[in-house]
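Notes for the one structure printed next.
The values are calculated or read from the model by the stated rules, or taken from the named source; none is laboratory data. These numbers were taken from a predicted model, which means no experiment stands behind them. Quick reminder, even Gly has a Cβ in these numbers, built from the backbone with ideal geometry, and neighbours come from all protein chains shown.
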Amino acid sequence: MTASSRSSTPAPLLIPCVDIQAGRAVRLYEGDPDRETVYFESPLEAARHWVALGAELLHLVDLDAATGRGENRAVIRQIVAELGVPVEVGGGVRDRAGAEELLRGGVQRVVIGTAAVRSPELVADLIAAHGPERVVVSLDARGLEVATHGWAQGSGVQVADLTPTLAGAGLETLIFTDVTRDGTLRGLDRELMRQVRGLWRGTLIVGGGVADLNDVQLLAEEGIEGAIVGRSIYEGTLAYPLTWPVDSSVG
């Protein structure tokens, strides 16, 4: 990518992630709930930190709800009430009642994961009731096989099997996470990102291994609109907020 093309390419959207487990803000290694790094004792403090740096959207994940170990809805409600920035929430959102409870509580958009695989009609129902701007689907995968139940189980379902159905339901924004790289700082898998980009023509947000500016440049080159960022901004391998365009010396 030349300097002139970088300057004319929109900056990919970087969305800070606050993963919540046992009431703390953590990051997991390869999605394993027993391999956590605690970054803030309070998820509210983590959220405040990123908002103070200019975050205009936060991605919250209730890891305990996703894995069936409990839930952290009270702190999520506190974050939504106090910070006044749009928040999207995933983790254990598996039926209409749970999704609508979050939406009524001020969450800007709900993130449907496992339920999009098991009950894809839920996505269509929620979009019909609340609009596509309030509903996101997250496909978390090993390769192109979707993983479910907090990434603990393979589904036997391929991303390519789901994307036509989701598009037909009116979905506009898809999150794709490479479970094998999530929380590892290994960088994005370019070929996998390219394959997913080819399967989804709506807004694509990716996660899993975003490490530094090289990955941000990869997003721009592949026409991917943004990424969920976690360990890289918590540990400083990727500066936040993002400086764009990427300096020509990067990569």
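What number of residues within segment 193-227 are in a strand (DSSP E or B) and either among the polar types (S, T, N, Q) or surrounded by fewer than 23 Cβ atoms within 10 Å (Cβ to Cβ) (or both)?
3
Hey, among the residues in segment 49-79 that are of a type in the set (A, V, I, L, M) and free of Cβ contacts under 8 Å to residues at least 40 places away in the same chain, which one's nearest to Val107 (Cα to Cα)? It would help to see each step written out before you state the result.
Initial filter on segment 49-79 (of a type in the set (A, V, I, L, M)): 51-53, 55, 57-58, 60-61, 63, 65-66, 74-76, 79.
Okay, now just the ones that are also free of Cβ contacts under 8 Å to residues at least 40 places away in the same chain, so 51-52, 65, 74.
On the way: Val51: 16, Ala52: 19, Ala65: 16, Ala74: 13 Å.
That would be Ala74.
Residue by residue through segment 155-186, note down the ones that are outside any strand (DSSP E or B), within 16 Å of Asp140 (Cα to Cα) and small (Gly, Ala, Ser).
Those that are outside any strand (DSSP E or B), within 16 Å of Asp140 (Cα to Cα) and small (Gly, Ala, Ser): Ala160, Gly183.
Pairs needed: first member in segment 192-217, in contact (Cβ under 8 Å) with a residue 24 or more places away in the chain and on the phi < 0 side of the Ramachandran plot; second member anywhere, part of a helix (DSSP H, G or I) and polar (S, T, N, Q); C-beta distance under 7 Å; at least 6 residues apart or different chains.
From segment 192-217, the pairs are Leu199/Thr163; Trp200/Thr163; Val210/Ser232; Ala211/Ser232; Asp212/Ser232.
For Gly187, work out the one condition from (1) out of contact with any Asp or Glu (no Cβ under 6 Å at 6 or more places or on another chain); (2) farther than 22 Å from Ala116 by Cα; (3) not basic (Lys, Arg) it doesn't fulfil.
(1)
Would you confirm whether any residue within segment 192-203 is out of contact with any Ser or Thr (no Cβ under 6 Å at 6 or more places or on another chain), farther than 27 Å from Ile233 by Cα and among the aliphatic types (A, V, I, L, M)?
No: segment 192-203 contains no residue that is out of contact with any Ser or Thr (no Cβ under 6 Å at 6 or more places or on another chain), farther than 27 Å from Ile233 by Cα and among the aliphatic types (A, V, I, L, M).
Determine which single condition Gly70 fails, assuming it passes every other condition in (1) modelled with pLDDT of 95 or more; (2) in contact with a helix residue (DSSP H, G or I) (Cβ under 8 Å, 6 or more places away or on another chain); (3) surrounded by fewer than 15 Cβ atoms within 10 Å (Cβ to Cβ).
So the condition that Gly70 fails would be (1).
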